[in-house]
Amino acid sequence: MIEEELTEQIIGAAIEVHKHWGPGLYEEIYERSMCVELRLRHISFENQLSLPLIYKGERVGDDLRLDFVVQHKVVVELKAVAQLEAIHEAQLLTYMKLTKCRVGLLINFNVSTLKQGLKRMVL
């Protein structure tokens, strides 16, 4: 699998955060906790990466904000929702295309076990 070791490390960090908090908090708390956990694991990342929306050379909207890009290889999008929807997957795929990252993780923390809230995608 592409970036298998790195995605396993990211998932491990997410499991640790989920073990600590469990479901039911705001996405922002999980995001901040993921920042701490990734730093503790010495995994380099960018948080709230800003991507401008450019169409045919012209800016056409507010910048997109990506939750995480890890080591310029994996886009990580966090959610705290009742269930993941197709629109969440579409959002992740768009972010992957725009960043040219071939791998993405969609992580929903609002589940009883994190395995239920994980989706790994590859372009």
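The values are calculated or read from the model by the stated rules, or taken from the named source; none is laboratory data. Quick caveat, the model's predicted, so the values are computed rather than measured. Cβ coordinates were reconstructed from backbone atoms using ideal geometry, including for glycine residues, and neighbour counts include every protein chain displayed.
Worth a mention:
- Top-ranked residue in the range 9-56 [being more than 22 Å from LYS97 (Cα to Cα) and among the hydroxyl-bearing types (Ser, Thr, Tyr); ranked as nearest to the chain's Cα centre (by Cα)]: TYR30
- Residues (surrounded by 14 or more Cβ atoms within 10 Å (Cβ to Cβ) and either at pLDDT below 95 or closer than 14 Å to VAL69 by Cα (or both)) located in the range 28-41: GLU31, MET34, CYS35, LEU38
- Which listed residue is loosely packed, with under 12 Cβ neighbours inside 10 Å and among the small types (Gly, Ala, Ser), from GLY57, GLY104: GLY57
- Only residues that are surrounded by fewer than 18 Cβ atoms within 10 Å (Cβ to Cβ) and not in a helix (DSSP H, G or I) were counted in the range 87-101, giving 1.
- Of SER44, SER50, all but one fail to be within 21 Å of GLN91 (Cα to Cα) and exposed (fewer than 13 other Cβ atoms within 10 Å of the Cβ); the exception is SER50.
- Qualifying residue in the range 57-64 (condition: under 14 Å from the mean Cα position of the chain (by Cα), under 16 Å from LEU118 (Cα atoms) and not acidic (Asp, Glu)): no
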